[in-house]
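Reading through the C-alpha cells given below for one structure.
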Protein chains: 2
Amino acid sequence: MNIGEIAKRAGVSRSTVSYALSRKRTVSDETRAKIQRVIDELGYRPNASARALANGRTNAIALVFPPAGDHYTGMQLDFIGSVVEAAATFDYDVLLSPSGVDSDRSFQRLLGERRVDGAILMEIRLQDDRVDHLFTENFPAVCIGRTARPEADWWVGLDHTALAAACVQHLADLGHRKVAFVNRPERLLRAGYESAHRGLDGFTKAAAERGLSVRTYNCGDDASSGQACVERILHDDPATTALVTLNEAALGGLYRGLAHAGRHVPRDFSVTGVAAARWAETVTPQLTAADVPASQMGRLAVELLVERLDRPDGPPRHHLLAPSISLRASTGPVGTAPSVLRRSG
Amino acid sequence: MNIGEIAKRAGVSRSTVSYALSRKRTVSDETRAKIQRVIDELGYRPNASARALANGRTNAIALVFPPAGDHYTGMQLDFIGSVVEAAATFDYDVLLSPSGVDSDRSFQRLLGERRVDGAILMEIRLQDDRVDHLFTENFPAVCIGRTARPEADWWVGLDHTALAAACVQHLADLGHRKVAFVNRPERLLRAGYESAHRGLDGFTKAAAERGLSVRTYNCGDDASSGQACVERILHDDPATTALVTLNEAALGGLYRGLAHAGRHVPRDFSVTGVAAARWAETVTPQLTAADVPASQMGRLAVELLVERLDRPDGPPRHHLLAPSISLRASTGPVGTAPSVLRRSG
DNA sequence: TTGAAAGCGATACCAC
DNA sequence: GTGGTATCGCTTTCAA
C-alpha cells in the first residue's frame, strides 16, 4: 500500500497524491476528494522511512538518559513523561537512549545514523562528553541541566546552588546550627554530575556564610542507603539537628533512619532538600523542599528543541529555574525539643 | 557522507561497501581493510532511514503507555527502563508513545507509518482496542498484561487474581477478619484495567472463601487520595484491621492516614498488597507485598517481541508470573493489640 | 492544475 | 571477489 497504488486507483499521478497530502501546491477540490476517498478506503498512511529519506528529517527526537540499573528516580520518570507528551503535541516521536557517554552504542546509533533530528539530554555532567560531542558537530541538542560552560549551549536547568542555599537559609532561620548534607552517590559526584556538584557548592558556601557547622555525605540512590546514611550522620555528630538532601530516592530511608534513632521529624530533627512535589508529598511528614518542576522543565526542553530545529541558526537559548521552597511539614524550629541535646548537654 | 562517497574514496563499488559492512557476501581482506580505513577516517555511519526503506524494517520498537498526566507510577518507570535497556542489547531502539487508545495520533503514527517493527503495550485493559486493532492487523505486539481473551496474544503478565488471593490468605492466616481492599482509581476500573479487575476478583473470591468481611474502595493514584481513602475505610468500619492495596502511588498516603488515625502498623493494622520491591522498601515499615518483578517483565516482553519478529509465524507465547509475597514489616497478627477493637468491643 | 522523472541512501539480485 | 543497477516509497523540480 504505497503512494503509487493510491495514485493508480485515484487515476492521478503520484506527485498529485503527494501534493494533496502535503498541501504544498494547490490541488483541485475534485481531485483532492477523489484521492481522499481512496486513501480513507484503503487506510493509507505514508511510510515514515521513505518520507524521512526524501525529506532529510525524521520527525523524531532522542531522549538520552544514563542507564541507571535499577536506580531510576521519580524525577527521571517525570522528565520522561513530560518530554514524551510535549513532543507528541508537536508531532515528534521520542526515542529513548540509555546512554551514559558519548561512546555508547545506542547513542551512536541514534545520532550517527540520523534516526533523530535532535536530542534532549538528561543527567548532565559538568564535563560531559556527550554534550561536547554534539556541540562540536553542531547537532541540535537541548540539555536538562548545565555543563561547566553553559553559555553556548541550549538548556533548561535548575539553579542548584541557589536551591541548596535556600535550604540552608531556611534551616538557619529556624535556628539549626549543625546541619548534614546528603548528596547523591559518590560515584555520581566523581563523574561530575551537575546537581551533585552545584548543590554541594551552594550548601557549603551558604553554610559557611551563616557560620553553620556542617558535614557532607554521599548516599546511594535507595532507601537502605538512606537509612545507613542517617546512622552515619548521627554517629559522627549526635548533635546534628537537621539535614538537606538532594537524594530523592533515599528519602524514605532517611526518614526511617531518623525514626529508628528516635528522632521525631520535625520536632527533634528537620529535613529539607530538593525533590519533585509528588515525591515530597508521599512521605510523612511531607517534605518541605524546593520543588523540582519536572514536567515544566520537560516541556520547556521540547519547546527549545523544536525552536532550534525550526530555526537552526538562532542564538542559543536557555531557562534557569529556581523554584522556591514549599513549606510542608518536615522542618521546625530547633529549640522546640532537642531531646538528645538536652540529654547529652 | 553516504555509501557512494565511501565507495569512491575506497576505489570500489557501492555494493562492495555494503557487503563489507553487512558481511552477507565475502569481501577480500585487502578490500575490506581499504574500505574500513576510509570509513574510520570519515566517521561514516549508514543512514537509518535509507536502510529501513531498503530492508523493510526499522530496527525500532514502540513502547505504548497511556498518557498519565502527572500520575506515573514507579512501576511504569521500572517497565520503561527495563524495556529500553533490554531492547538496546538486541540493538533495537525504543519509541515511546503516550497512547491510551487505538485512535491516538501518536499510536497511529508509530504503527500506521511503519516507524517501528513491533510494539510493547503497557496498562492493558480487558477489552483493549489497541490490542484488538494490532491483533486483526497481525502486527507484532507483546502486551505487558492480559486482555480478557489472552490465548491468541503474546504477553507477559501477572496473575493478579492469585496475587490478591495470596494477600488475603496471608492476612487471614494472621487472624484478620475485617479487611479493606484499596484498588486503583474508579476511572481505571471502569476503563477495564486488567490489574484492577482481576485483582478485585481475586480479592473478593478469596475473602468469600475465607468468610472475611470486606469492603472495597477505589483510590486516586496519589498520596492525598490514599490518606482520604483510609479515612473512609475507618469511618465505614472502625473495626477494620487490615488492608490490601494495588495502588502503589497511594501507599504513602495510606500510611499517613493510618498514622493520623492513631493506628500503628503493623501492631494495630496490617497493610499488604502488590508493588515493586523498590517502592515497598521505601516506606516505613517496609511493605509486606507481592513484589512485581518489573524489570524481569520488561526484559521478557522484549525477548518475546524479538522472537516474534524473527519468526513471524511461530505460535503465540506468553509468561504468567505469580511472585510470592515477600515478608517485610507491615503485617502482623490481629490479636497483638487491637486497641480500637478493645475500646469499642 | 497536473504529470514525468530525478533524487534521497541504502540493499541485493544478476552478471562477469 | 567485485561491479552495475533496479528497488524500497516518498518529495520536488521541471515541463506542459
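The values are calculated or read from the model by the stated rules, or taken from the named source; none is laboratory data. Everything numeric in this text was worked out from a predicted model, so none of it was measured. FYI the Cβ positions are ideal-geometry reconstructions off the backbone, even for glycines, and counts take in every protein chain you see. Remember, those area values only see protein heavy atoms, side chains included, never the ligands or the DNA or RNA. Shrake-Rupley method; radii C 1.70, N 1.55, O 1.52, S 1.80 Å.
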* Subset tally (residues that are part of a loop (DSSP other than H, G, I, E, B), within 14 Å of another protein chain (Cβ to nearest Cβ) and surrounded by fewer than 24 Cβ atoms within 10 Å (Cβ to Cβ)) for segment A:217-251 -> 3
* Does segment B:281-303 hold any residues that are under 15 Å from the mean Cα position of the chain (by Cα), closer than 18 Å to B:Val244 by Cα and assigned to a loop (DSSP other than H, G, I, E, B), and which are they? -> B:Val292
* **Meets criteria (surrounded by 23 or more Cβ atoms within 10 Å (Cβ to Cβ) and either out of contact with any His (no Cβ under 8 Å at 6 or more places or on another chain) or facing chain A (nearest Cβ under 9 Å) (or both)) for B:Val64** => yes
* Asked: So, of the residues in segment B:309-322 that are under 30 Å from B:Asp93 (Cβ atoms) and in a loop (DSSP other than H, G, I, E, B), which turns out to be nearest to the chain's Cα centre (by Cα)?
  -> B:Arg317
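With A:Val334, A:Val306 as the choices, which residue is surrounded by fewer than 24 Cβ atoms within 10 Å (Cβ to Cβ), away from every other protein chain (no Cβ under 14 Å) and part of a helix (DSSP H, G or I)?
Values: A:Val334 fails: part of a helix (DSSP H, G or I).
Being surrounded by fewer than 24 Cβ atoms within 10 Å (Cβ to Cβ), away from every other protein chain (no Cβ under 14 Å) and part of a helix (DSSP H, G or I) holds for just one of A:Val334, A:Val306, which is A:Val306.
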* Asked: Would it be correct to say that A:Ala301 is open to solvent by less than 30 Å² (accessible area, probe 1.4 Å), modelled with pLDDT under 95 and hydrophobic (A, V, I, L, M, F, W, C)?
  -> no
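Yes/no per residue for (1) of a type outside the set (A, V, I, L, M, F, W, C); (2) more than 13 Å from DNA strand C (Cβ to nearest atom):
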position: B:Ile6; (1), (2): no, no
position: B:Ser15; (1), (2): yes, no
position: B:Asn59; (1), (2): yes, no
position: B:Tyr72; (1), (2): yes, yes
position: B:Asp78; (1), (2): yes, yes
position: B:Leu96; (1), (2): no, yes
position: B:Asp102; (1), (2): yes, yes
* Which of (1) crowded, with 22+ Cβ neighbours inside 10 Å; (2) out of contact with any strand residue (DSSP E or B) (no Cβ under 6 Å at 6 or more places or on another chain); (3) within 26 Å of A:Asn59 (Cβ to Cβ) is the odd one out, the single condition B:Ile35 does not satisfy? -> (3)
* To do: Tell me which residues, restricted to segment B:81-94, are outside any loop (DSSP other than H, G, I, E, B) and either open to solvent by 10 Å² or more (accessible area, probe 1.4 Å) or among the small types (Gly, Ala, Ser) (or both).
  => B:Gly81, B:Ser82, B:Glu85, B:Ala86, B:Ala87, B:Ala88, B:Thr89
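For every residue, the table says whether it meets (1) closer than 30 Å to B:Asp117 by Cα; (2) in contact with a Lys or Arg (Cβ under 7 Å, 6 or more places away or on another chain); (3) within 9 Å of DNA strand D (Cβ to nearest atom).
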site	(1), (2), (3)
B:Ile6	yes, no, no
B:Lys24	yes, no, no
B:Asp29	no, no, yes
B:Tyr44	yes, no, no
B:Asn47	yes, yes, no
* Structure fact -> Expected output for segment B:28-45 (first residue within 12 Å of chain A (Cβ to nearest Cβ) and within 16 Å of DNA strand C (Cβ to nearest atom), partner open to solvent by less than 80 Å² (accessible area, probe 1.4 Å) and not in a helix (DSSP H, G or I), Cβ below 8 Å, 6+ apart or cross-chain) is B:Arg45/A:Glu113
* How about segment A:67-108: which of its residues are more than 8 Å from chain B (Cβ to nearest Cβ) and more than 14 Å from B:Gly81 (Cβ to Cβ)? -> A:Ser82, A:Val83, A:Ala86, A:Ala87, A:Thr89, A:Phe90, A:Tyr92, A:Val101, A:Asp102, A:Ser103, A:Asp104, A:Phe107
* To do: Check off (1) open to solvent by less than 10 Å² (accessible area, probe 1.4 Å); (2) within 14 Å of chain B (Cβ to nearest Cβ) for A:Leu163 and give me the number that stays unchecked.
  => (2)
* To do: Return yes when A:Gly56 is surrounded by fewer than 17 Cβ atoms within 10 Å (Cβ to Cβ) and either over 25 Å from B:Ser97 (Cα atoms) or over 19 Å from the mean Cα position of the chain (by Cα) (or both) and no when it is not.
  => yes
* Selection count where residues are exposed (fewer than 14 other Cβ atoms within 10 Å of the Cβ), over 22 Å from B:Leu111 (Cα atoms) and touching a residue at least 12 places away in the same chain (Cβ under 8 Å), scope segment A:1-27 -> 1
